[in-house]
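The block underneath contains the structure these notes are about, expressed in structure tokens.
Nothing in this text is a laboratory measurement; each read-out follows from the coordinates by a stated rule. All values reported here derive from a predicted model rather than from experimental measurement. Neighbour counts run over all protein chains shown; Cβ positions are idealised from the backbone, glycine included.
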Amino acid sequence: MPAESPTGPAGPAGPAGPDAPLALELRGLRKSFGAQVAVDGIDLAVPAGSFFGLVGPNGAGKTTTLSMATGLLRPDAGAVRVHGLDVWADPLAAKRVIGNLADGVELFDRLTGEQLIVYTGMLFGLDRATAAGRASDLLDLLDLTTSAGSPVSDYSAGMRKKIGLAAALVHSPRLLVLDEPFESVDPVSAANIRDILTGFARSGGTVVVSSHSMDLVQRMCDHVAIVAGGRVLAAGSVDEVRGPGTLEDRFLQLVGGRRHDEGPEWLRGS
Amino acid sequence: MAAGQLTGPGPAAASGPGGPGERGATGPLSERATLALLLRLRFQVLRNTLRANVLQLVLVILGGVQGSIVAVLAIVGLVALGLLGGDTAGALETRQRTIVVGGLVLTLGWMIVPLITSGVENTLDPRRLARFPLRVGTLLRAQVLVGLTWIPGILTALVALATAAVWRGPAVAVALLCAVPGVLICVVGSRLAASLISTAIASRRIGLRVAVAVVALAVLVLPIGGAIVIGMRAPEPVGGAVDALAWSPLAVIWTAPGLVAEGRPASAVLAIALGLIVLAVLVLAWRASVIATTRTTGDAGGRSVAAGRLGPLRWMPATPAGAIAARSLAYWFRDTRYTRQLVVVPLMPALLILWARIIDQPALAIGVAPLVAGLLPLTMFAGLSYDGTAFAGQLMSPATGRDDRVGRTAAIALIAGPATLVIALVGLGVVGRVDLLPPVLGMSAAVLLGALGVIAVSSALVVVPVPRTGRNPFAGSAGAGMTSIVGSYAVTGITGLLALPALGLGIAAIIIGAGWLGWLALAVGVIEGVALLIVGVRMGGGLLDRRGPEILARLRSTGA
């Protein structure tokens, strides 16, 4: 096994211009679970150096798409390229450059937070001193230093998100794929994470986040794709996609499904 | 909650035996309706699990067939026992001793299985149901019913009723009558054992763990040990021991019919009374333990350490394989599902060696090391399943399948290797046969490394459903007990076959007593074991590389 990754840490990439090389490219991705089609032909182009938001209603296929993009779920059809590397032809090479925070998976929660990061660093081939040094930097950055020695099973949901993010960052990836990184994270930590991610994108890295928070995506991301029913409804720069209104307006207009009642009678407080 | 919001039958009164269509009703269900609901729930989960998982269905069927064969053989044996030998006193004595030993073994089996397998059926685990308004009594009755209505329970009940075929006259009725508490003692005992071990392991308090271990040992071992010591003093040791065992708590209920047949009705009444007291004590202990369990919040994740304490990550090689080995090793001491093995593993050889000393059968003490060497790797059998979807964290990394196999294997070998060595030395030392060390170590090496090799392949092929802590209460591991038991049989069988050359040489060396043959057995065992391990790690690693995403998908569907 080659010890050194083919691409250096946080590689040099140009600013996210319209003709920038692609950090992530999905072509014709499909996935069905039995009779249920989860992803129905998704094409996406994420320029290197961009901060890319993926938004969509529950069950839109966001998590399925991101799992296929990162080598965790085999697509029925389609291709995924990460910085030109075919994820499904050469998964190990592609995984070296991806930092992945998956949604709905457990962590090795019997390790302490610090152990989990060092463990992940060593999985990616870092030597012990580097992994340990980065672990303490990341714990500090994410306000987890006081819980460094506690087993992750004792962490709250928001702390688990943060430690998962730290594990995704430890090998200094070129592409960060974060599924719902702000879910259950407190506002202060969310703001800190946002700064970290913005800095990461500014220094040439690429960030893909999925989120339910239109507001957050509009403020934070420069590119966005709206998915529903396993298809891309709109994609491009945030300004292109939202047009004159807010991203939320555009989203509701595209996705539909707003209800205009107050729920059943028994649900109302007396 | 507002009363009378929804019309419909009065909730408690009108729920029939099936208790159907109550979904919208508010208010408590009747006891019967609750029991029916819980049982339906349990079988619904079972059906869904088996429908989603053909392999598990096959294993359950295999287990059922195997159990049925054993049960049929037992029933045929019981009928034959009743027909042979007429009504002589000697024949009566043989029948009584057979029934007593059989009943005791059956009961002990029920109690020991939850201690050594962790894949025990737990759809109705009290901790999972703690959030619902259920009485403890209802929960316990539901668990007993679940135990009685699944394959092992049904087969046990049939065999227990078949003991009546051994007797003639009034003893037949007594046997049928005693079968009921007899089977209940099995089921309740098994649940008590499961509850105790999970409490003991989940607790952060060392004192509690030790207390439970001591009580369990006392209940299981003392009466039997005592009976054996009494028997040794009798003129006819084996028979004497069995006669003493007849009055030990777990066997006494099976003694009553034979006493009637021998014309000792007063003793029979005493035996039945003692049996019922045993059942009552077990139920009370179980109830107390369940109440204690529902008060603990899930599973202790281990204690906190100071920052910078990396555990095994500090000294393992800083490679992907080293990281996986360190992580596995940390889990051995922090995850109750592994720690269970560390509790049971020293216990079993200790008992076997003690037993070998008591009944003067050195073969037991000689064989214990290879036995443990074969059992310890079985924990890795469900290794990926224990990871659950945390396996995704490894699948995201560029670690190869071979890194994974090497890491996990190294972690077990680090525990099992020294343990086997110590057990071999102690076992041989106790019976004064340290000269047999080379062949015993040769056999142990072949079995240990061979089993690791076999499991490196099998665990990449089969994802076993295992209990999860703190998950959806209904995401069950229904039928898991049978899957893991049958799967373990298969792995053990294949290992045994593959290790046959070394085992044969080792046994030959022990029987013939030739020193050079022992050294040959050691050499063959080590070489063969290493070869099996290398082949297994390569094959399993390749499988894992190809099937990683599919394994993760399976893990997602079986648990989280």
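Relative to 2.2 N^0.38 Å, what does the C-alpha radius of gyration of region A:126-252 come to as a ratio? Two decimals please.
1.18
Order of B:432-442, A:97-107 by packing, highest average Cβ count within 10 Å first?
The peptides rank, most packed first, as A:97-107, B:432-442.
Once you keep just the Cα pairs under 8 angstrom separated by 6 or more residues, what percentage relative contact order results for region B:318-558?
28 percent
Which cross-chain or sequence-distant (5 or more) residues have an amide H under 5 Å from the amide H of A:VAL177, H modelled 1.01 Å from N in plane?
Answer set, sorted by chain and number: A:GLY99, A:ASN100, A:LEU101, A:VAL208.
Using only alpha carbon pairs under 8 Å that are at least six residues apart, calculate the relative contact order of region A:109-260 and give it in whole percent.
17 percent.
Largest first and in whole Å, what are the equivalent-ellipsoid semi-axes of region B:318-558 based on the Cα gyration tensor, each being the root of 5 times an eigenvalue?
The answer is 33, 20, 15 Å, longest axis first.
Per residue of B:384-396, how many C-beta atoms from partner chains lie within 10 Å of its own C-beta, taken as a mean?
6
Taking beta carbons within 10 Å but only from partner chains, what does the mean come to for residues B:397-409?
3
Enumerate the aspartates and glutamates that A:LYS31 could reach by cross-link, defined here as Cα to Cα under 19 Å, with residues fewer than 8 away along the same chain left out.
Partners within reach: A:ASP40, A:ASP43, A:ASP76, A:ASP86, A:ASP103, A:ASP179, B:GLU550.
In sequence order, what are the phi-derived ³J(HN,Hα) couplings for region A:43-51 according to the Karplus relation 6.51 cos²θ - 1.76 cosθ + 1.60 with θ = phi - 60°, rounded to whole Hz, with x for glycine and proline?
Going residue by residue, I get 10, 9, 10, 9, x, 4, x, 8, 10 Hz, with x marking Gly and Pro.
Considering amide H positions built from the backbone, and no H for Pro or chain starts, which residues 5 or more places from A:VAL232, or on another chain, come under 5 Å of its amide H?
When sequence neighbours closer than 5 places are left aside, the close amide H contacts are A:ASP43.
Over all directions, average the projected area of the Cα convex hull of region A:71-131 and note it in nm².
5.3 nm²
What size of dipole, in debye to the nearest 20, comes out for region A:52-185 about its Cα centre when the only charges are +1 on Lys and Arg C-beta atoms and -1 on Asp and Glu C-beta atoms?
My answer is approximately 280 debye.
How high is the relative contact order of region A:63-144, given as a whole-number percent (alpha carbon pairs under 8 Å, six or more residues apart)?
18 percent.
Give me the Kirkwood hydrodynamic radius of region B:364-465 in Å, from all C-alpha pairs, to one decimal place?
About 14.7 Å, per the Kirkwood formula over Cα pairs.
If the viscosity is 1.306 mPa s and the temperature 10 °C, what translational diffusion coefficient in µm²/s does Stokes-Einstein give for region A:216-270 when Rh comes from Kirkwood over Cα pairs?
In µm²/s, the coefficient rounds to 122.
Put +1 on the Cβ of every Lys and Arg and -1 on every Asp and Glu Cβ in region B:318-558; which of B:GLY322, B:SER397, B:LEU448 then has its Cα farthest towards the positive end of the dipole?
My answer, from the dipole projection, is B:SER397.
When Cβ neighbours within 10 Å are restricted to other protein chains, what is their mean count per residue of peptide A:60-70?
For peptide A:60-70, the averaged partner shielding equals 1.
How big is chain A by Rg and Dmax over its Cα atoms, in Å?
19.0, 67
Treating only the Cβ atoms of Lys and Arg (+1) and Asp and Glu (-1) as charged, compute the dipole magnitude of chain A about its Cα centre; round to the nearest 20 debye.
The calculated dipole for chain A is roughly 400 debye.
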